[in-house]
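Read through the structure below, which is laid out as structure tokens, and then see the notes.
The values are calculated or read from the model by the stated rules, or taken from the named source; none is laboratory data. Given the structure is predicted, the values throughout are model-derived calculations rather than measurements. So basically every Cβ, Gly included, is an ideal-geometry build from the backbone, and we count neighbours across all protein chains shown.
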Amino acid sequence: MIREALILVAITLVAGVGSWLVRPDRLTLTPSPTAYEVDLPAPLISLDDALASYESGEHVFIDTRPDATLDTAIPGAFIVRTESFGDDLARAMDFVYPEDPLILYGEDDLLPVGDVAARFQARGYENIRIMEGGLASWRHAGGPIDGELTDE
Amino acid sequence: MSETRAWQDVTSLVCRWAVAGVFLYACIDKIIDPAAFAQNIDNYRMVPLVLLHPFAWLLPIAELVIAIALIVGWQTRGAALLASLLTVVFIIAIATALIRDLDISCGCFHTDSGSTVGRDLLLRDLVLLAGALVPVWLGPGRWSLDRWRGIEGVRAGTLQNP
């Protein structure tokens, strides 16, 4: 059985190398270090730094998830989403000033968060960071969530 | 032919073809668009960057080779063993993604969209694993190239009658 499996592995390797040689759209053998990085309009902040920043109260947190609610957000975060950016920002404007340092977060996918960051930048907000990993990673790292605090 | 043997042959054939069908369907999109599949794999954050492209290139070809081998019943036990091992890798990838709360597309059948990683996928892969293990256990069965080659080999004297 192991011998049979090894024969099939060998066929796979030969077919793989062969197809790699003849296919015009072949992948590079090694991807460039930036090939799979998302091009974001604002720099990333690591989860650890975001947690430290939350503890020190340096930054204002912005929840960009489309289904964000205050009882599922990071405590103290403002909700500003792509779909209702103007209305959401108008509600938060009395509290969130353009000079404030912001940390934006969303789900695991950073592209929608980047979209909100770009809109903030267009309104003059310049000190923006995007949290790596999103809310699920925050929760997994032990960061507080409003609803969970209420439950306890 | 005993009734038990007949059932074993039918069961092996059904499982071989079912697993082959899944692998065949799964490899098509990945072979067409390896770059998108590489992105799918990268989303799991399990494969080092240096291995990402070789993995994305070879995995769908392995699925194709395994599927063809299972359909015709050639090197059947080896193919079923490889299918089982690959499925275990998929299960580990999905389980670790669930543990890390990753909200990602699984990249199982379609590279552009598809099922989000969840418990239902874990269950589906466990069923696939069970199906792949059946030919490992029961062997290629009556309707397979392996059996035909065995009979021909014995007739020609190149194989010993077991």
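Computed values, structure above
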| item | result |
| --- | --- |
| Sole exception among (1) exposed (fewer than 14 other Cβ atoms within 10 Å of the Cβ); (2) at pLDDT 90 or above for B:A156, by number | (2) |
| Qualifying residue in the stretch A:88-103 (condition: under 17 Å from A:G142 (Cα atoms) and of a type in the set (A, V, I, L, M)) | no |
| Qualifying residues in the stretch B:98-125 (those that are surrounded by 15 or more Cβ atoms within 10 Å (Cβ to Cβ) and at pLDDT 85 or above) - the one farthest from the other protein chains (Cβ to nearest Cβ) | B:R124 |
| Positions within the stretch B:33-61 being of a type in the set (A, V, I, L, M, F, W, C) and either out of contact with any helix residue (DSSP H, G or I) (no Cβ under 9 Å at 6 or more places or on another chain) or not in a helix (DSSP H, G or I) (or both), in sequence order | B:M46, B:V47, B:V50, B:L51 |
| Residues of the stretch B:1-54 satisfying the condition of being β-branched (V, I, T) and in contact with a Gly (Cβ under 6 Å, 6 or more places away or on another chain) | B:V19 |
| Residue pairs meeting the criteria (Cβ under 7 Å; at least 6 apart or on separate chains; first facing another protein chain (nearest Cβ under 8 Å), in the stretch A:1-29; second buried (at least 17 other Cβ atoms within 10 Å of the Cβ) and assigned to a loop (DSSP other than H, G, I, E, B)) | A:E4/B:Q75; A:I7/B:Q75; A:L8/B:Q75 |
| Tabulated pairs, the stretch B:1-20, first closer than 16 Å to B:L81 by Cβ, second outside any helix (DSSP H, G or I) and of a type in the set (S, T, Y), C-beta under 9 angstrom, 6+ apart or interchain | B:S12/B:S144; B:R16/B:S144 |
| Residue within the stretch A:7-18 that is within 27 Å of B:A69 (Cα to Cα), exposed (fewer than 11 other Cβ atoms within 10 Å of the Cβ) and aliphatic (A, V, I, L, M) present | no |
| Residue, farthest from A:L8 (Cα to Cα), within the stretch B:75-97, restricted to residues that are among the small types (G, A, S) and at pLDDT 90 or above | B:A95 |
| Any hit, the stretch B:62-83, residues being part of a helix (DSSP H, G or I), touching a residue at least 24 places away in the same chain (Cβ under 8 Å) and within 30 Å of A:A141 (Cβ to Cβ) | no |
| Pair list, Cβ under 9 Å, 6 or more apart: the stretch B:32-44 residue under 20 Å from B:R100 (Cβ atoms), other residue of a type in the set (S, T, N, Q) and surrounded by fewer than 21 Cβ atoms within 10 Å (Cβ to Cβ) | B:N40/B:S105; B:N43/B:S105; B:Y44/B:T96 |
| All positions within the stretch B:60-95 that are of a type in the set (A, V, I, L, M), more than 9 Å from chain A (Cβ to nearest Cβ) and under 21 Å from A:E4 (Cβ atoms) | B:A67, B:I68, B:L70, B:I71, B:V72, B:A83, B:L86, B:V88, B:V89 |
| Where B:Y25 falls short, out of the listed (1) surrounded by fewer than 19 Cβ atoms within 10 Å (Cβ to Cβ); (2) among the aromatic types (F, W, Y); (3) within 11 Å of chain A (Cβ to nearest Cβ) | (3) |
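For (1) closer than 23 Å to B:L49 by Cα; (2) more than 22 Å from the chain's Cα centre (by Cα); (3) at pLDDT 85 or above; (4) among the small types (G, A, S), each residue gets a yes or a no:
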residue: A:A15; (1), (2), (3), (4): yes, yes, yes, yes
residue: A:D25; (1), (2), (3), (4): yes, yes, no, no
residue: A:D49; (1), (2), (3), (4): no, no, yes, no
residue: A:D63; (1), (2), (3), (4): no, no, yes, no
residue: A:P101; (1), (2), (3), (4): no, no, yes, no
residue: A:Y105; (1), (2), (3), (4): no, no, yes, no
